[in-house]
Amino acid sequence: MNERMSGTAEEIARYVVAEAVWAPSVHNTQPWRFVARGQQISVYADADRGLPVADPDGREMMISCGAAVFNVRLALRSLGYVPHTLVLPDPGQPALVAQVSWSERVPVAEFERRLSSQMHRRRTHRGAFDPDPLPHDMLAALRTSAARDGAVLRIVADDGRRATLAAAVQTAEQQLRLDSRYVRELARWTPVPGSLRGDGVPATSYPARTERTDPYFPGRDFARGHGWGLPPLGAAQAHRAAGVVALLTTAADRPADWVNTGQALQRILLTASTSGVAVALHSQPTELPVLREFIRTRLSGGAYPHLVLRIGMVAQAALSVRRHPDEVLFPSGDDRAIRRP
Ligand SMILES: Cc1cc2nc3c(=O)[nH]c(=O)nc-3n(C[C@H](O)[C@H](O)[C@H](O)COP(=O)(O)O)c2cc1C
């Protein structure tokens, strides 16, 4: 579909959800369900896809759903519709993340066209970056992107603070690898190579060999000793960089802040992607309360940290997967959308 076409509300909802599912989500759990009713889409969190060990409060689940809400809004804009979004509209239904409705149309702006073209193309980067500098004004654009949805992107430029944040990621990753409950949970979301699953982190999306950077931000151990992952692109290169390091934070730490963090995250990722800039995400230290509190008090001025971002230039080869939109889109009145199966 495009802005020159006019479809039925059902066709629009199908198109929008097919775009929304390409949002990032923790371990690619895709913890969402969509219910279409007339010119409105409701986004629900799917607690069956939550991570009780790594994410007991559902914060990362709500961030993931927030990223999908942003895609819903952007997909509607790409058709020229003006989305009206209510975040957590019903205190009696905490799983109802957002309701997005549409009616009038206004022309699509060029930046909206460019952002929406990245929804399918954007990929999470894992590993090091090329040493090339970011395009001029990129960081200012990303900071503005975060602020549009009520979050703050704090660039950690100082060498000492970068090293401290890297140490927090290392400590978290070490602790998580030693926690058998965490490892079992991760195993549920790391399918074997060649799997036909439409969720989880496939071996086509992470490097088989760790690329060390200085300072070093270790990735998650998705392969868990099996040797899975993408082979290196070429001969090992010297001078691979950690990238520009940043923290995505909010002033408060309520579910609405988590949803807005997800919206901000997706706007940041898509804005970066329009300029060929890739982003690596680390949520390991924010999954451990002591380390999250350490980052909050020492590195983010008291604001609540949600994700460590590394931003840089790199040729990406990662491939990801998604469930078919039919598995997550339900007509209004279908109980499967909001009840456990
Ligand atoms: C809240 C949240 C936390 C994430 N944490 C990590 C992380 O710690 N390490 C990582 O490699 N990717 C992380 N990701 C990225 C997801 O693994 C990724 O979005 C998912 O596998 C889908 O792949 P794609 O982004 O390439 O489409 C996170 C994503 C979200 C939304």
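The values are calculated or read from the model by the stated rules, or taken from the named source; none is laboratory data. What you see is a predicted model, and the numbers here were worked out from it, not measured in a lab. Note that each Cβ is placed from the backbone with ideal geometry, even for glycine, and that neighbours are counted across all protein chains shown.
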Legend entry - Test set (1) away from the ligand (no atom under 16 Å from the Cβ); (2) in contact with a Phe, Trp or Tyr (Cβ under 6 Å, 6 or more places away or on another chain) - Asp137 fails condition number: (2)
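Hey, among Gly80, Gly66, which residue is in contact (Cβ under 8 Å) with a residue 12 or more places away in the chain, under 22 Å from Gly200 (Cα atoms) and either surrounded by 14 or more Cβ atoms within 10 Å (Cβ to Cβ) or not hydrophobic (A, V, I, L, M, F, W, C) (or both)? Show your work before the answer.
On the way: Gly80 fails: under 22 Å from Gly200 (Cα atoms).
Only one candidate qualifies: Gly66.
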Inset, instruction - Check off (1) of a type in the set (A, V, I, L, M); (2) within 13 Å of the ligand (Cβ to nearest atom); (3) without any contact (Cβ under 8 Å) to a residue 40 or more places away in the chain for Val192 and give me the number that stays unchecked. - result: (2)
Inset, instruction - Starting from the stretch 44-60, keep only residues that are closer than 15 Å to Pro255 by Cβ, then list their pairs with residues that are hydroxyl-bearing (Ser, Thr, Tyr) and within 14 Å of the ligand (Cβ to nearest atom) whose Cβ atoms are within a distance under 7 Å, requiring at least 6 positions of separation or different chains. - result: Glu60/Ser283
Legend entry - Sole residue being surrounded by 23 or more Cβ atoms within 10 Å (Cβ to Cβ) and touching a helix residue (DSSP H, G or I) at 6+ places or on another chain (Cβ under 7 Å), chosen from Val100, Val108, Val53: Val100
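Does Gly127 meet the test of being farther than 18 Å from Gly276 by Cα, touching a residue at least 24 places away in the same chain (Cβ under 8 Å) and within 19 Å of the chain's Cα centre (by Cα)?
On the way: farther than 18 Å from Gly276 by Cα: no; touching a residue at least 24 places away in the same chain (Cβ under 8 Å): yes; within 19 Å of the chain's Cα centre (by Cα): yes.
Here the answer is no, as Gly127 does not meet what is asked.
Being of a type in the set (Val, Ile, Thr) and in contact with a Pro (Cβ under 6 Å, 6 or more places away or on another chain) is the filter; apply it to the stretch 284-323 and report the residue that is farthest from His125 (Cα to Cα).
Step one: filter the stretch 284-323 for residues of a type in the set (Val, Ile, Thr), giving 286, 290, 295, 297, 308, 311, 314, 321.
Still in the list and also in contact with a Pro (Cβ under 6 Å, 6 or more places away or on another chain): 286, 295, 321.
Details: Thr286: 19, Ile295: 23, Val321: 14 Å.
Restricting to residues being of a type in the set (Val, Ile, Thr) and in contact with a Pro (Cβ under 6 Å, 6 or more places away or on another chain), the top hit is Ile295.
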Inset, instruction - Kindly list the number of the only condition in (1) surrounded by 13 or more Cβ atoms within 10 Å (Cβ to Cβ); (2) without any contact (Cβ under 8 Å) to a residue 40 or more places away in the chain that fails for Gly262. - result: (2)
Inset, instruction - For residues that are under 15 Å from Arg154 (Cα atoms) and within 15 Å of the chain's Cα centre (by Cα), tally how many sit in the stretch 284-307. - result: 3
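Going through Val328, Val279 one at a time, which residue ends up being modelled with pLDDT of 95 or more and farther than 29 Å from Gln175 by Cα?
Working: Val279 fails: farther than 29 Å from Gln175 by Cα.
One residue alone meets the criteria, Val328.
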Inset, instruction - Give me a count of the residues in the stretch 124-153 that are exposed (fewer than 14 other Cβ atoms within 10 Å of the Cβ), acidic (Asp, Glu) and either touching a Gly at 6+ places or on another chain (Cβ under 9 Å) or within 13 Å of Gln266 (Cα to Cα) (or both). - result: 1
Legend entry - Positions within the stretch 287-321 being in contact (Cβ under 8 Å) with a residue 24 or more places away in the chain and β-branched (Val, Ile, Thr), in sequence order: Ile295, Val308, Ile311, Val314, Val321
Inset, instruction - Report whether or not Thr213 is touching a strand residue (DSSP E or B) at 6+ places or on another chain (Cβ under 9 Å), among the hydroxyl-bearing types (Ser, Thr, Tyr) and part of a loop (DSSP other than H, G, I, E, B). - result: yes
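Evaluate the following for Leu96: is it within 22 Å of the chain's Cα centre (by Cα), farther than 15 Å from Gln263 by Cβ and within 15 Å of the ligand (Cβ to nearest atom)? Outline the logic, then answer.
Values: within 22 Å of the chain's Cα centre (by Cα): yes; farther than 15 Å from Gln263 by Cβ: yes; within 15 Å of the ligand (Cβ to nearest atom): no.
Judged against the criteria, Leu96 is not a match.
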Inset, instruction - Please name all residue pairs, on different chains or six or more residues apart, with Cβ atoms under 7 Å, provided the first residue is in the stretch 18-39 and is over 14 Å from Trp189 (Cα atoms) and the second residue is of a type in the set (D, E, K, R) and more than 8 Å from the ligand (Cβ to nearest atom). - result: Val21/Arg323; Trp32/Asp46; Arg33/Asp46; Ala36/Glu10
Legend entry - Residues (surrounded by fewer than 20 Cβ atoms within 10 Å (Cβ to Cβ), charged (D, E, K, R) and either within 14 Å of the ligand (Cβ to nearest atom) or not in a loop (DSSP other than H, G, I, E, B) (or both)) located in the stretch 1-45: Glu10, Glu11, Arg14
